[in-house]
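Here the structure is laid out as structure tokens; the discussion comes afterwards.
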């Protein structure tokens, strides 16, 4: 009988750990404007959500998807919010934050400007921003556009 109880306890402990490792909430925020106010508003939304769930002892995964003119948010040479992004990355734990850039937009800007673009460290490049938004929503992520 004791081995069964011990095995059940171990199983419950591992199952609980697995659930705790995954964020309980998921939010994707689209930034498609080259506007400091819009970028700051998106970052404020992200930090407010992270702080809210931290206060409840819960976790959240937040992805900020930059596409179109909003790609400037994640460009090393033009981002007006790069210092704030760095600070948010450093303070998000145990929640998760990801910054994603639309490769379609990136390639268009590179062609127009005639040189490769460098993104902020840690930026994830996705093939097409709209497809990324669609796929995340199909997976149950909540979508916000400031």
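Read-outs: derived from the displayed coordinates by stated rules, not from any lab. If you're wondering where the values come from, they're calculated on a predicted model, not measured in any experiment. Neighbour counts are summed over all protein chains in view; Cβ atoms, including those assigned to glycine, are modelled from backbone coordinates with ideal geometry.
Could you tell me how many degrees, from 0 to 90 and to the nearest 10, lie between the Cα long axis of helix 129-138 and the main elongation axis, the longest principal axis, of the Cα atoms of the chain?
20 degrees
Let's test the formula: R0 of 35 Å, r as the Cβ-Cβ distance of residue 37 and residue 57. What FRET efficiency results, to the nearest 0.05?
Values: r = 32 Å, r/R0 = 0.92.
Given R0 = 35 Å and the Cβ-Cβ separation, E is 0.60.
Take 64, 85 and order them by how many other Cβ atoms sit within 10 Å, fewest up front.
Ordered from fewest to most neighbouring Cβ atoms within 10 Å, 64, 85 come out as 85, 64.
Taking only DSSP H segments of four or more residues, each worth -39500 (n - 2.57), what value at 222 nm results for the chain once the sum is divided by all its residues, to the nearest 500 deg cm²/dmol?
On the way: 5 runs with 71 residues, N = 146.
The helix-only estimate for the chain comes to -15500 deg cm²/dmol at 222 nm.
Fewest first, what order do 143, 53 take by the number of other Cβ atoms within 10 Å? Don't jump to the answer; show the numbers that get you there.
Numbers: 143 13, 53 19.
The most exposed by this proxy come first: 143, 53.
Nearest 10 degrees is fine. How inclined is helix 82-91 to the longest principal axis of the chain, computing both from alpha carbons?
With both axes taken from Cα atoms, the answer is about 0 degrees.
For the chain, report the % of Cα-Cα distances exceeding 20 Å.
Numbers: 5511 of 10585 pairs.
Above the 20 Å cut-off, the chain has 52 percent of its Cα pairs.
Express the relative contact order of the chain as a whole percentage, based on alpha carbon pairs under 8 Å and six or more residues apart in sequence.
Details: 211 pairs, mean separation 41.7, N = 146.
Once normalised by length, the contact order is 29 percent.
Nearest 10 degrees, 0 to 90: what angle lies between the long axis of helix 103-113 and the longest principal axis of the chain (Cα atoms)?
The answer is roughly 20 degrees.
Can you give the extra length, in nm with one decimal, that the chain gains between residue 44 and residue 82 once fully stretched, where that is 0.36 nm per residue apart less the Cα-Cα distance?
12.3 nm
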